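One structure is given here, and the rest of the page talks about it.
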Amino acid sequence: MDWGYIFSVMISSAFGVEAIVFGLAAIGINMQFGYTGLLNFGQSAFMAIGGYSIAVTVVQLGVSFWWGIVIGFIASVLLALLLGVPTLRLRADYLAIVTIAASEIVRLLVRSVTLKGIFGGSDGLQSFSGGFFALNPIPVGDYNLGPVNFTNRELFVLLVGWLLIALACLLTWLLVRSPWGRVLKGIREDEDAVRSLGKNVYLYKMQALIIGGMIGTVAGFVFAVGNEAVSPDFFGTDTTFFAYAILILGGAARVFGPVLGTVIFWAIIQGTDVFLRSGIDAGLPVISLMSGSQAAVIRFILVGLMIMLLMIFRPQGILGDRKELALDAR
Amino acid sequence: MPDKEAVAPGSRKEAAVNALADVPRTPGAAKPDPILVADNVVRRFGGLTAVDVDHVEIQRGAITALIGPNGAGKTTFFNLLTGFDVPDTGSWLFNGKDLAGVPAYKVARLGMIRTFQLTKALSRMTVLENMRLGATGQSGERILASLFKFTWGSQEKSITERADDLLKRFNMFEKRGDFAGSLSGGQRKLLEMARALMTAPEMVMLDEPMAGVNPALTQSLLGHIKDLREQGMTVLFVEHDMDMVRDISDWVIVMAQGQVIAEGPPDEVMQNEAVIVAYLGGHHDKALTASGVSFTEEAQS
């Protein structure tokens, strides 16, 4: 057993591209679910819009990825309006149903054979990150950061990614400390009460949905550029639910909840994977009864178990406030 | 706007009672200075007509009670007037402005504010945050302005001062940092009323303000409602407790089966035959005969 290796994998996944992508997605969900109480189960659709708008503009239209970013933001606002206009006047569960269906529609659309010429079918699109990496100021070479090794390209993606997370956190913090954020929290508690005080609840819910969706779109940008590829099957409902797990793990309605959540989530997911695999190689008792592919599944069972234990002993998440949760919700 | 000029305590009660002295004691009677006039307001739920009000007027600056047996349509009528429900037909004017089809939040902005039968304290927000939320016209509630504290910081300060003053008046100042969810039922009622006052309303509609409030708090709540009138606000409230209705209201409107069946000052209304029938049934004062047979016959008749 090479504990040093396991540790280095945990560190590199805790701060890796996937941690950034899911962290951003969870920050968006935090705005919608954590502060406003909107159940958006379609975050993966907003991420798909982000990923594919960069991929399609660069690969199919041959223009700069900056246009992809502009198009991605516009498209995600349109999607939020499309989802929100019919459902936000209704009870919370309608939004949940509509968003989960919409995310599957988006995934199946970009996967479809008919549109293979645009979205690349189930293979997705590749090699469109050149424009982004051309901006890389870090000299070519490998860099050692403690136990972890990065190429200059990886380092650039991580740098930009964590900068985006910092910006998203700053935005969240600025918004929720203001009277605007107070209205959101009021809506989460009881929207009729807020309505009776003269606030246009529908408008606030729409704004929260749009902002959360746009942050999800940024997650899609990072995913596409960082992996230099997009494929439809990443944007399934699993992705949305991982982001929810991350949010709940870290603590909903806390600015840094999603960030802490994503770091811990990915450290554990990848850490247990490497641990189990090297356990199999080393012939450890019990663990070596599994095959490698079984180990890959076991880690999700372990994460599920961890979230269950957390819900039982610390239902507010790691950063949450127990006092707040102890109150009866209504 | 409630006018701010100082008035002698109790003088507004006198003014309200005097103004209503000559109003005929009939359902739908015209008032000398109505703030709210409703016409032909009908709401059906399937086959059930929950509200069917031909005409009703609410006197400005008075405390009007809306009473009636369970299922009379009082709360539904409240919901319709405040935009929380949409009637099948009808129109109603608040300060001469037609409110039919106006959404609830706009009704509140026009100065007609309501509370709820089941108190809606925002549990996971502090008492002070509940109060601040009530203030209207906050520039920091616009999304772009909210990002820059200098655009709303000073307004926030004055809102907080106003909230603190109100909390002191309602004896809740020491609770300002507590979560609203940790308050007792009565304190939540107080908070809801205080929060409604943060909007500086012209008319306050209270849906069963005394339900679930312990007797010790009842007196203080009653005092606060009378206070609203002294500050020039109009109050319309739904209540079941007759002692309370008699104590604080200047005028009583009685509803039964969706319709207004009687109106008048509290003492007269409670003697009204139609009201007694609505509450107790048609033959309540007839002696029951000894034999069960004739009783059944009477029930069938």
Using a/c under 1.5 as the rounded threshold, could you call the range A:136-256 rounded, prolate or oblate? The axes a ≥ b ≥ c are square roots of the C-alpha gyration tensor eigenvalues, and prolate needs a/b larger than b/c, oblate otherwise. prolate
The distance between the Cα centres of the range B:220-234 and the range A:217-273, in whole Å, is 54 Å
If I require 20 Å or longer along the helix axis, counting alpha carbons, and a Kyte-Doolittle average no lower than -0.5, what helices from chain B are left? Use full DSSP H segments. B:215-230
Within the range A:194-285: Cβ-based charge dipole about Cα centre, in debye rounded to nearest 20 (Lys, Arg +1; Asp, Glu -1): 680 debye
Efficiency of FRET from Cβ geometry, B:LEU280 and A:LEU203, R₀ 51 Å, rounded to 0.05: 0.60
So the compactness index of the protein assembly as shown, its C-alpha Rg divided by 2.2 N^0.38 Å, takes the value 1.22
Taking the dipole about the Cα centre of the range B:7-101, with the C-beta of Lys and Arg at +1 and of Asp and Glu at -1, give me whichever of B:ASN18, B:ALA72, B:ALA100 is farthest to the positive side. B:ASN18
How much of the DSSP bridge set in the protein assembly as shown is antiparallel, in percent, rounded to the nearest 5? 65 percent
With each label point set 7 Å from Cα along the Cα-Cβ vector, what nm distance links A:TRP162 and A:GLN294? 3.8 nm
Contour minus Cα-Cα distance for A:LYS323 and A:LEU115 (0.36 nm per residue): 69.7 nm
How many nm separate the modelled label positions at A:TYR5 and B:LEU118, each set 7 Å beyond the Cα in the direction of the Cβ? 5.9 nm
Let me check I've understood the local charge: for B:GLY177, count other residues with C-beta under 14 angstrom from its C-beta, Lys and Arg +1, Asp and Glu -1. What total comes out? -1
Put +1 on the Cβ of each Lys and Arg and -1 on the Cβ of each Asp and Glu in chain B; which of B:GLN259, B:VAL37, B:GLY212 then has its Cα farthest toward the positive end of the dipole? B:GLY212
So which lysines can A:LYS205 reach, going by Cα to Cα under 25 Å and dropping same-chain residues fewer than 8 places off? A:LYS185, B:LYS106, B:LYS120, B:LYS149
Give the distance, in whole Å, between the Cα centre of the range B:235-269 and the Cα centre of the range A:55-73. 68 Å
Pairwise label distance in nanometres, B:GLN271 with A:ASP93, each label 7 Å out on the Cα-Cβ vector: 5.4 nm
Using DSSP loop states and a limit of at most 10 other Cβ atoms within 10 Å to flag trypsin sites (Lys or Arg not before Pro), what is the longest stretch of chain B containing no flagged site? B:5-285
Between the DSSP loop rule and a limit of at most 12 other Cβ atoms within 10 Å, which trypsin sites (Lys or Arg not before Pro) in the range A:90-141 are left? A:ARG91
Once fully extended, how much extra length lies between B:HIS55 and B:ASP39, figured as 0.36 nm per residue of separation less the alpha-carbon to alpha-carbon distance? 5.3 nm
Treating only Lys and Arg (+1) and Asp and Glu (-1) as charged, each at its beta carbon, one finds that the protein assembly as shown has a dipole about its Cα centre, in Debye to the nearest 20, of 1520 debye
The range B:1-108: percent of C-alpha pairs farther apart than 22 Å? 39 percent
Note: B:ASP247 to B:LEU93 extended length (0.36 nm per residue) minus current alpha-carbon separation gives 52.6 nm
Quick one: grab the alpha carbon gyration tensor of chain B, order the square roots of its eigenvalues as a ≥ b ≥ c, and give me rounded if a/c is under 1.5, else prolate or oblate depending on whether a/b is larger than b/c. prolate
All-pairs Cα distance distribution in chain A, expressed in whole percent, bin size 10 Å: 6, 24, 32, 25, 11, 2, 0
Would you work out which of A:ILE138, A:LEU79, A:THR239 lies farthest towards the positive end of the dipole of the protein assembly as shown? Charges go on Cβ: Lys and Arg +1, Asp and Glu -1. A:ILE138
I'd like the FRET efficiency for B:SER184 and A:LEU174, computed as 1/(1 + (r/R0)^6) with the beta carbon distance as r and R0 of 41 Å, rounded to 0.05. 0.70
Computed FRET efficiency, Cβ-Cβ of A:LEU155 and A:GLN60, R0 25 Å: what is it to the nearest 0.05? 0.30
Please identify the helices of chain A, taking whole runs of DSSP H, that span at least 27 Å along their own axis as judged from the Cα atoms and have a mean Kyte-Doolittle score of -1.0 or higher. A:65-87, A:92-111, A:152-176, A:201-227, A:257-282, A:292-313
Backbone N within the range B:55-79 under 11 Å of label point (7 Å from B:ALA200 Cα along the Cβ vector): none
Does the range B:127-182 come out rounded, prolate or oblate by the C-alpha gyration tensor, with a ≥ b ≥ c the root eigenvalues, rounded set by a/c under 1.5 and, if not, prolate when a/b is larger than b/c and oblate if not? prolate
Can you give the local net charge around A:ASN30? Use residues other than it whose beta-carbon is closer than 13 angstrom to its beta-carbon, Lys and Arg +1, Asp and Glu -1. +3
About its Cα centre, chain A carries a charge dipole, from +1 on Lys and Arg Cβ atoms and -1 on Asp and Glu Cβ atoms, whose size in debye to the nearest 20 is 920 debye
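Every read-out reported here was derived from the displayed coordinates using simple, explicitly stated rules and does not represent laboratory data. Being a predicted model, the structure only gives us computed values, none of them experimental. For neighbour counting, all protein chains shown are included, and Cβ atoms are generated from backbone atoms with ideal geometry for every residue, glycine included.
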